[in-house]
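Taking it in order: structure first as structure tokens, then the write-up.
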Amino acid sequence: MADRTAPATHGYAPDKQALVGRLHRIEGQVRGIERMLADDRYCIDIITQISAVTTALESVAFKILDDHVNHCVVHALASGDPEVAGEKTRELLDAVHRFSRSR
């Protein structure tokens, strides 16, 4: 049986390649931090790079969350099914709470 709560594609689908590219750059930044540690670089320089990675990941997360709201949640609300709309709304709020706790 098909999942009636999910649209045919994910909201991030049009931006998938760009998001993957951003994640690859973030991956490179993390490897750079590892090299900084191996090279005994200054603590504050390492913290600065960690902060940059954190900000970059948050940017990706916000983009995916925005796409989710504007695609998946909108689709659920437009379905006219209160159960589906309620489920997507709860799912969204749970995701926002998880994201805010991680900060």
Original post:
Dipole size in debye (nearest 20) for region 15-101 around its Cα centre, Lys and Arg Cβ +1, Asp and Glu Cβ -1?
Top reply: 200 debye
Original post:
Which net charge results for the neighbourhood of residue 28, defined as the other residues with beta-carbon distances under 12 angstrom from its beta-carbon, given Lys and Arg at +1 and Asp and Glu at -1?
Top reply: +2
Original post:
So what is the relative contact order for region 15-101, in percent, with contacts set as C-alpha pairs under 8 Å and at least six apart?
Top reply: 22 percent
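Values quoted throughout were computed directly from the atomic coordinates according to the rules given, and no laboratory measurement underlies them. Quantities reported herein were computed from a predicted structural model and do not represent experimental measurements. All Cβ positions, glycine included, derive from the backbone under ideal geometry; neighbour counts span all protein chains shown.
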